Amino acid sequence: MKKSIIIALIIIGGIAFYAFSAGSADQDDFVVTAETDGSAVLVESVTLDAPGFVVIREVINDRPGQIVEVSDLLPAGRNTNVTIGLGAPSGIEGIDIGGGFPLFTSLAAVVYYDDGDGGFNSLTDTVAYVNGNVLAEDLGTGERAQESAVVPNVQAESLEGEVAVTVRYTDQGFLPKRVEIQVGDTVKFINESSRPMWVASDVHPAHTILPTFDQFTTSAYGESYFYTFQEAGEWRYHDHVNANELGTVMVSE
């Protein structure tokens, strides 16, 4: 009798361990490699605790850039050998704005969990975390990506200095509409309106004047976006959701 009970406990314990292992996101079981010709990304393995996606995002000067490709919906559990095709490169790397602010881009693979509709939406699907760390990998270095480099609206530790000026986004637009700061100053944009806020540099909708000055997502009421200006110039911007709302940041040496 005792032997039967022990055997039963071992079997139940083994099943429970397998179920936990097969259904839990695992930082060590996220292995991604990029093809040498840049045509595709191979997800060798990724373990998810719910259905989700592997998203390929640009990283521009250690800040989040555009999402360039998304995998098919992946089931919960361990997924292997998932190929994500890549289009033409953005061509941003090495561009020098104003003769003194080169932009350097790389790619990162980021895991998102589906919101239940089966389709990817960066505004409603959620970024995956394991033990407080974002489940993401820098495809250039093969190392784990920093949260501030792949998740919009996350302020990097190096930017956590004193905010030089705060711009309020209200139902009347950006207030003040024009601010003057120094190179290296950080501007805080806070949403105090009844609609979403998406701060982005001109020109709408590509945001090419200053590509890193783009929050790449929306902020709800009470949420904020921070940006540190490293180049002198007159930087015009707008709300990507409501492009008629305009503002200007004048940055001097």
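Where a number appears in this text, it was derived from the coordinates with a stated rule and is not lab data. From a predicted model like this one, the values you see are computed outputs, not experimental measurements. When we count neighbours, we look across all protein chains shown, and the Cβ atoms used for this are built from the backbone with ideal geometry, even at glycine.
In the stretch 158-252, the alpha-carbon atoms span a convex hull of 84 Å³ per residue. The phi torsions of the stretch 236-253, fed into the Karplus equation with coefficients 6.51, -1.76 and 1.60 and a -60° offset, translate into couplings of 8, 9, 7, 8, 4, 6, 9, 5, 7, 8, 10, x, 9, 10, 9, 10, 10, 5 Hz, rounded to whole numbers, with Gly and Pro shown as x. Basic side chains Lys and Arg get +1 at the Cβ, acidic Asp and Glu get -1 at the Cβ, and with that the dipole of the stretch 158-252 about its Cα centre reaches some 180 debye.
Multiplying the residue separation of Glu143 and Leu73 by 0.36 nm and subtracting their alpha-carbon distance yields 22.8 nm.
For Ala220 and Val163, the difference between the fully extended length at 0.36 nm per residue and the C-alpha to C-alpha distance is 18.5 nm.
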